[in-house]
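Data block below; observations after.
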Amino acid sequence: MRRGVIFISAFVASLTACNSSHEPEHQLSVSGTIDGAAGKYLKIIDMTKPGFQPDSIQIGDSGRFAFNQKNAEPKDFVLYIEPENNIRVLPCPDENVIIAANYPNVVETYSVAGSPESERLAGLLRKHHQSNFVLDTLNQYYMAHQLDRKFEQIRADVRAKSDSVYRADRQLHERFIAEQPGSLASYVALSSKLGLRTNLFNIQDDFKYFEMVDTALMNRYDTIAITLMLDRYVAQARAVATMQPKRGGRIQVGDTMPDIALSNPYGDTIRVSKLQAKYLLVNFWGSWCKPCREAHPELRKVFRTYRYRGFDIYSVALERNLDDWKNTIREDRLIWVNHVSELNYMDSRVARQLGIDAIPFNLLIDADRVVLAKNLTPAQLDAKLAELLK
């Protein structure tokens, strides 16, 4: 009962925070000062528009900038001079958002006023940034001591501290969402990443949080772009969940593999359903897995033979460390481009979803994601593709 009370009271409180309007003459404005950034260009991405193409404005001599937009609904803007050093604001119609920051440490120093949703989000992001800073510091310490004779103890200590930071940041976001699911800031909180591009929430394991925010926002305003995007995403996940194999049961030949969407080493999302391949090998491996790496030379030969005949590879790496992953891709000359990872080692959501408990493991699927074969050696894969691609 207590959780229900929190949900209702927080949602009612949010009703006064941000109103959308159907009147087209309403507009919002964003302005501010970034000291030390005179003459630089400020990029602006409207996250509610497809493609996320940035616009840009030049910052004035005094560090001031301003832009406005006629709009009848809340917006989600990312502002940055450098992508990794960004500000995110959620202005509503008729609001005048005012930002103050210092360059180059924009994300560490910025403050926002004039927009309750943006202020709420800024408070969360400041604490989240501190967690990322601690993880970055721990990672630098880890990398600098790899040749230390006590490295195993150092690695264990760094892992324990990193896990502690992750848990605290995750709990912070959980409380934030539970207390104000009807806030647009909670919609942003669902997409937060920590450390080496690790998502704090994924919709398969944390569906209740996505559904909580989706329900509250649909009740608050069911016609704006932000709400509709989240609602579609939740609906798709709900549909996939009804088709996927039961948890703990391995996917079998003849099953339809759930769609997978994971990040490559540069943070870009690669989705299986978007790949234009007649036949796709979904290959689970790790830089630390000797049998996986021993198979790479022969797998590379198979890829070269069939790459122009409709065959491709989607490599899912069970990794913790971004550098180890990238170095192995280079060292083993894995020349296909679809390399992805959750960077959470053996706690891979996708591996659990498919019932995978050991690697190497692979699935050969067709364009409809139907599993044609699994756990093929490179020689068996070559023979199967020769049969399919006569």
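Mind checking which of Ser263, Ser56, Ser186 has the largest fluctuation in a GNM of the chain, springs on alpha carbons under 10 Å?
Ser56
Nearest 10 degrees, 0 to 90: what angle lies between the long axis of helix 207-220 and the longest principal axis of the chain (Cα atoms)?
On a 0 to 90 degree scale, this one is about 30.
If I model a spin label at Glu108 and Val253 as a point 7 Å from the Cα along the Cα→Cβ vector, what separation in nanometres do I get?
5.8
Among bridges DSSP assigns within the range 261-388, what percent are antiparallel (round to 5)?
So the antiparallel bridges in the range 261-388 amount to around 55 percent.
Sorted by packing (mean other beta-carbon atoms within 10 Å per residue), highest first, where do 227-239, 110-122, 267-279, 73-85 land? If you can, show how the numbers build up before the last one.
Details: 227-239: 15.2, 110-122: 21.0, 267-279: 13.2, 73-85: 18.2.
Ranking, from highest mean packing down: 110-122, 73-85, 227-239, 267-279.
Helix 290-306: angle to the longest alpha-carbon principal axis of the chain, degrees 0 to 90, nearest 10?
90
How far is it, in nm, from the label point at Arg309 to the one at Ile270 when both lie 7 Å from their Cα along the line to the Cβ?
If labels sit at Arg309 and Ile270, their model points lie 2.2 nm apart.
Indicate the gyration tensor shape class of the range 292-390 (rounded, prolate or oblate), computed on the Cα atoms with a ≥ b ≥ c the square roots of the eigenvalues: a/c under 1.5 is rounded; otherwise a/b larger than b/c is prolate and the rest oblate. Don't jump to the answer; show the numbers that get you there.
Numbers: a/c = 2.01, a/b = 1.35, b/c = 1.49.
Verdict is oblate for the range 292-390.
Could you tell me the relative contact order of the range 2-219? Use alpha-carbon pairs under 8 Å, at least six residues apart, and round to a whole percent.
19
Of the lysine pairs in the range 114-260, how many meet both conditions: Cα atoms under 21 Å apart, and a spacing of 8 or more in sequence or different chains?
Numbers: Lys127/Lys161; Lys127/Lys193; Lys150/Lys161; Lys161/Lys193; Lys193/Lys208; Lys208/Lys246.
Pairs that pass both the separation and distance tests number 6.
Enter the angle in degrees (range 0 to 90, nearest 10) between the Cα long axis of helix 378-388 and the first principal axis of the Cα atoms of the chain, meaning the one along which they spread out most.
Result, in degrees: 90.
Evaluate the distance, in nm, between pseudo-label points positioned 7 Å from the Cα of Lys326 and of His145 along their respective Cα→Cβ axes.
It is 2.3 nm.
Once Rh for the chain is found with the Kirkwood sum over Cα pairs, what is the Stokes-Einstein diffusion coefficient at 37 °C and 0.692 mPa s, in µm²/s? Can you show the working numbers first?
Numbers: Rh = 23.4 Å.
Roughly 141 µm²/s, to the nearest whole number.
With 10 angstrom as the radius, rank Ile203, Ile57 by how many other C-beta atoms surround their C-beta, starting from the fewest.
Working: Ile203 20, Ile57 13.
Ordered from fewest to most neighbouring Cβ atoms within 10 Å, Ile203, Ile57 come out as Ile57, Ile203.
Assign one of three labels to the range 50-130, namely rounded, prolate or oblate, based on the Cα gyration tensor with a ≥ b ≥ c the square roots of its eigenvalues; rounded applies when a/c is under 1.5, prolate when it is not and a/b is larger than b/c, and oblate otherwise.
On the way: a/c = 1.38, a/b = 1.13, b/c = 1.22.
Note, shape of the range 50-130 comes out rounded.
Every read-out reported here was derived from the displayed coordinates using simple, explicitly stated rules and does not represent laboratory data. Here the structure is a predicted model, which is why all the values come from computation and not from measurement. Here Cβ is always computed from backbone atoms with ideal geometry, including for glycine, and neighbour counts include all displayed protein chains.
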